[in-house]
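Notes to accompany the following structure.
The values are calculated or read from the model by the stated rules, or taken from the named source; none is laboratory data. Small disclaimer: the values here were computed from a predicted structure and weren't measured. So basically every Cβ, Gly included, is an ideal-geometry build from the backbone, and we count neighbours across all protein chains shown.
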Amino acid sequence: MNYLIKNAVAVASTGFPDARDLRIRGGYITELGNALAPTPEDPETVIDASGCVVWPGLVNTHHHLAQSIMKGVPEGLNQDLGGWLSSVPYRFWPKVTPELMYHAARLGLYELIRSGATTCADHHYLYHSTTSPELEDAVWQAAEELGIRMVLCRGSATETGSHEGMIEHRIEPESIDQIIERLDTTRKKHHQTGPDAMKKLVVAPTSLIHSSSPEGLKAQAQWARENKLRMHSHLLEVDFDEIQAHQRYGQSAIDYAESCGWLGQDVWYAHLVHSDTHAIERLAATGTGIAHCPTSNCRLGSGIAPVIRMAEAGVPISLGVDGSASAESGSMLQELNLTWLIHRAQNGPDATTLEQVLEWGSQGGADLLGLENTGRLAVGKAADLVLYDIDKPRFAGVHVPLMSPLMCGEPVHVRDSFVQGRRIVNDGQICGLDEAELTRNVQESVLQLLDNG
């Protein structure tokens, strides 16, 4: 459908800062302005955006949707990354069935959409030698049903390494040949090219240091580049990565990544908390990006990624919510709000600006994912946008209405949301989703997970 959005309080647009109206034709933004008139000769649905601010849809560059049914597991509440991995995801992930995965994905995507996200990059890592393809299919299905852009970062392990869940359950990791064959099957079935694709595949070994061999990493990098796919993984979330890289490979983690072909403009890493000056220099020089996940890093006590120094050096910055087993809110707006605040605590009150953080959470993520036609509101760009209703008491005293969702943080009310011009939230309701039914399904999934655990 075609839409004319009128009378917004403000629009976070590129090149037209005073716009209050926005026209959508064929999935794209065709006009920004004020007092735009409906076009009877080309019928469109007029949406009155009074009381709302309009933002580009937020872009989440790192998630683990499977963890949406592993929130607040008591054993892992006060553990660091290593202990938490053993107590939570390693404990449960072999027991996730396709049905549980489907309900977990719907919950995680629901939380993203209601916080203002229109794109999700899910680092899906539930693979081993005898993995059922239905596990991955459940993620694609959930995303397609809810209308969100999906970038599936296909995890893998070629050796068990320190993966206690695989060791305990005697799970055999995939061979590199299996990984490549299965990647190719997914590529042919789902991957779309172009700067506003609805579905993309990314090559994403689960851990660069702990569960992948150098040969496997090089083979995946070569295959990814031959097929023009992007690459992603975890790196330097804790200093154990650096220790292991020196012990196993005799070099720093960042140099090891580079030696395996895992730096470049087509690569981004989650976390990078323990990046030193040398690591930042190599990231900047190669155009390698970061998915900054401050909530999860705080929750696990991992530290704060030096994104201010990274940004100054020229490292591409984006934001991610990480898995809800270590970032229970599941909200992209939470990540923006915390990013704005936490670096000021470290570096002073001028360390971050509202405009900069919004850009990291939208355009920065879109560009890292190869979705350059999204992440910003401008004529000719895909109509991925969100209407936040700020006609509420908690926003009423804000002097900069456009930035009030970021400054005030959760809770927010997404009144309407669009992906490629398709309305996926209508008057506060996510289209095609029954919240009561979702709640019941997730509650039953948690019980099933505990019964199997």
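Overview of values
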read-out: Long-range neighbours under 8 Å by Cβ, at least six apart or interchain, first residue in the same structural domain as residue 16 (by TED's automatic domain parsing) and surrounded by 22 or more Cβ atoms within 10 Å (Cβ to Cβ) within the stretch 377-397, second acidic (Asp, Glu) and not in a loop (DSSP other than H, G, I, E, B); value: 386/416; 387/416
read-out: Residue list for the stretch 374-421, restricted to those being basic (Lys, Arg), farther than 22 Å from residue 432 by Cα and out of contact with any Pro (no Cβ under 8 Å at 6 or more places or on another chain); value: 381, 392, 394
read-out: Count of the stretch 405-427 residues which are touching a strand residue (DSSP E or B) at 6+ places or on another chain (Cβ under 7 Å) and either surrounded by 12 or more Cβ atoms within 10 Å (Cβ to Cβ) or aromatic (Phe, Trp, Tyr) (or both); value: 15
read-out: Extreme residue, surrounded by the fewest Cβ atoms within 10 Å (Cβ to Cβ), among residues of the stretch 262-282 that are assigned to a loop (DSSP other than H, G, I, E, B) and among the small types (Gly, Ala, Ser); value: 264
read-out: Elements of type helices (runs of 4 or more DSSP H) in the stretch 39-150, at least 3 residues being modelled with pLDDT of 95 or more; value: 98-115, 133-146
read-out: Every pair of residues 6+ apart whose Cβ atoms lie under 8 Å, when the first sits in the stretch 426-453 and is hydroxyl-bearing (Ser, Thr, Tyr) while the second is surrounded by 12 or more Cβ atoms within 10 Å (Cβ to Cβ); value: 445/69; 445/99; 445/100; 445/103; 445/104
read-out: Selection from the stretch 126-151 of residues that are of a type in the set (Gly, Ala, Ser) and out of contact with any Leu (no Cβ under 8 Å at 6 or more places or on another chain); value: 129, 132, 138, 147
read-out: Residue check, residue 61 within 25 Å of residue 428 (Cα to Cα), without any contact (Cβ under 8 Å) to a residue 60 or more places away in the chain and among the β-branched types (Val, Ile, Thr); value: no
read-out: Where residue 232 falls short, out of the listed (1) touching a Cys at 6+ places or on another chain (Cβ under 7 Å); (2) more than 19 Å from residue 152 (Cβ to Cβ); (3) crowded, with 17+ Cβ neighbours inside 10 Å; value: (2)
read-out: Test: residue in the stretch 101-119 that is farther than 21 Å from residue 424 by Cβ, buried (at least 24 other Cβ atoms within 10 Å of the Cβ), in contact (Cβ under 8 Å) with a residue 60 or more places away in the chain and not hydroxyl-bearing (Ser, Thr, Tyr); value: no
read-out: Single residue of 215, 172, 181 found to be outside any helix (DSSP H, G or I), of a type in the set (Asp, Glu), over 20 Å from the mean Cα position of the chain (by Cα) and surrounded by fewer than 17 Cβ atoms within 10 Å (Cβ to Cβ); value: 172
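Every residue, every condition in (1) farther than 26 Å from residue 83 by Cα; (2) among the basic types (Lys, Arg); (3) in contact with a helix residue (DSSP H, G or I) (Cβ under 8 Å, 6 or more places away or on another chain); (4) in the same structural domain as residue 152 (by TED's automatic domain parsing), yes or no:
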position	(1), (2), (3), (4)
247	no, no, no, yes
255	yes, no, yes, yes
261	yes, no, yes, yes
265	yes, no, yes, yes
290	no, no, yes, yes
298	no, no, yes, yes
312	yes, no, no, yes
